[in-house]
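For reference, the structure discussed in these notes is given below.
Readers should treat all values here as calculations from the given coordinates under stated rules, not as data from a laboratory. Computed from a prediction, not measured in an experiment: that's the story for all the values here.
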């Protein structure tokens, strides 16, 4: 289950502004922004998942506005958390198989600490 400690969850539809967006390499240093290079298939799959999740979140707002029974709303929220966890799992698998492997091959073993920190956050 994904949780956000001391901060609100990020907006699903919000675009992230990255510095140096022309940077093709997903590796990073202190001077460059980090980027990934997802296949069109992966991007499409993740965006579809997130669009469904976004719709579910809007549905929860509607349920609350309509005074829907709390247990029913909580069950929908649980479904949303599971869906977010599934999207994170897909992205994590891609990250491990591509980005992390390539960074290790390039000698950047610090990426292991970074990914372990991320996995611990996702496991909470």
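Convex hull volume per residue, computed on the Cα atoms of the stretch 40-123, equals 86 Å³. Extension gain, residue 93-residue 43: 0.36 nm per intervening residue step, less the Cα-Cα distance, totals 16.6 nm.
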